Amino acid sequence: MSRNVSRRVFQKTLFSVACVLAMGGTHAAAQAADGKLDVVASFSILADMVATVGGDSVDVSVIVGRDADAHGFEPTPRDARKLAGADLLFVNGLEFEAWLPRLVEASGFKGKQIVVSQGVKPLAFDGHGHDDDGGHDHGHEHEHGHAEGSSPDHHAHEASHEHEHEHGHDHEHAHGHDQESHGHAQDEGKTHEAAHAHEHSHAHGSEDPHAWQDPANAVIYVQNIAQGLAEADPANAAGYRSRAETYIGEIRRLDAEIRQALKAVPEADRTVVTSHEAFGYFSKAYGIRFLSAVGVSSQAEASARDVASLIDQVRKENIKAVFVENITNPRLVEQIARETGARMGGTLYSDALAPAGQPAGTYLGMLRWNADQVLKALKGG
């Protein structure tokens, strides 16, 4: 079945689901009866943040689950049913969820959509791979969320960026902190000469959407989440704000720990290689230089020329470690390691959490894990 035919079938199916839900009602009344907000988050990292702030006052479902790639995601009728009766939908924004407008329209979602990146200063993305240095401010110009975006008064609906995805993936989904693992290996190891990231159908806009990789931005996310929950559920507003403040304190303490640990690594030695450009904000926060062969979308394919150029750069700069990401196929990174002699530094978590219970199974755990793995590699451990 062609991709266009598959999309038409998907859209017709979702339309049918929406009609059934409209005629038969949704579970919104049941959720209201138990006193909890019915909340949907677009991907696992955001779902963890929402669940942490929401506590026992919310039921959180996730669309793109743990170890799953939001770049190549295709919604299913199950996602439409999940979203149809929700009170709130939390999304990243910055064109991260290119598939979302279709899903929202097909589901008939009537709740409020909250863009958690509202107030974040996005990094520019030039559409090319290689140097993911995020501007290299080395974290000195960050205010770590102490003032930015403290109490946004509105949450704009994410613009309907009509990016039609060309990769079909069937995803099973989970709820709250128990999102199931939905990893789907993307064949990024292929090196097609014409497949540059900025020409790929999954390429994002001119801004890097991975803002959560900087703890200062995570603080803004949490503040926006607390504000959105409080506005929707005033009776429990104090609890949301209290949990948010506690959570923000934990984020800031971990941020300080990472900065302290990095002092042991000379700035000239802070370069590693990853699968795609997902760590620009992490780079800007901590002065770590990330190189990659493809752009901001994990679905982009590196050209043979880009791979050869990166291999040459790794050799010339004597870069010590390369990392795979939990949402990508490791073959490209393994090729770079094999041809340069660089050490495989392990797995970094970029766009999705690890399964529940694992060290990178929460946002804080993911941030700590990534920092520990990079520090270990840079120190030669």
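The values are calculated or read from the model by the stated rules, or taken from the named source; none is laboratory data. None of these values were measured; they are calculated from a predicted model. Cβ sites come from the backbone with ideal geometry, for glycine too, and all protein chains shown count toward neighbours.
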**Asked** Residues in the stretch 39-62 that are out of contact with any Lys or Arg (no Cβ under 7 Å at 6 or more places or on another chain), crowded, with 22+ Cβ neighbours inside 10 Å and either in a strand (DSSP E or B) or of a type in the set (D, E) (or both): how many?
**Response** 7
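Evaluate the following for A218: is it within 16 Å of the chain's Cα centre (by Cα) and at pLDDT 95 or above?
Against the criterion (within 16 Å of the chain's Cα centre (by Cα) and at pLDDT 95 or above), A218 qualifies.
Kindly check whether there is at least one residue in the stretch 329-344 that is at pLDDT 95 or above, surrounded by fewer than 20 Cβ atoms within 10 Å (Cβ to Cβ) and over 17 Å from the mean Cα position of the chain (by Cα). Reasoning before the result, please.
So the first thing to find is which residues in the stretch 329-344 are at pLDDT 95 or above, and the list is none.
Scanning the stretch 329-344, I find no residue that is at pLDDT 95 or above, surrounded by fewer than 20 Cβ atoms within 10 Å (Cβ to Cβ) and over 17 Å from the mean Cα position of the chain (by Cα), so the answer is no.
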**Output for the stretch 322-343, where each listed residue is touching a Ser or Thr at 6+ places or on another chain (Cβ under 9 Å) and in a strand (DSSP E or B)** = V322, F323, V324, E325
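Is it the case that some residue within the stretch 346-368 is among the acidic types (D, E) and within 20 Å of L262 (Cα to Cα)? Steps first, answer last, please.
The initial filter retains those residues of the stretch 346-368 that are among the acidic types (D, E), namely 351.
Filter again for within 20 Å of L262 (Cα to Cα), leaving none.
No - not one qualifying residue is present in the stretch 346-368.
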**Message:** For the stretch 71-93: of the residues being in a loop (DSSP other than H, G, I, E, B) and surrounded by fewer than 24 Cβ atoms within 10 Å (Cβ to Cβ), which is modelled with the lowest pLDDT?
**Reply:** G72
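Suppose we filter G239, G228, G205, G176 for residues that are within 25 Å of Q113 (Cβ to Cβ), within 21 Å of the chain's Cα centre (by Cα) and modelled with pLDDT of 95 or more; which single one remains? First the steps, then the outcome.
Values: G239 fails: within 21 Å of the chain's Cα centre (by Cα); G205 fails: modelled with pLDDT of 95 or more; G176 fails: modelled with pLDDT of 95 or more.
So the residue among G239, G228, G205, G176 that is within 25 Å of Q113 (Cβ to Cβ), within 21 Å of the chain's Cα centre (by Cα) and modelled with pLDDT of 95 or more is G228.
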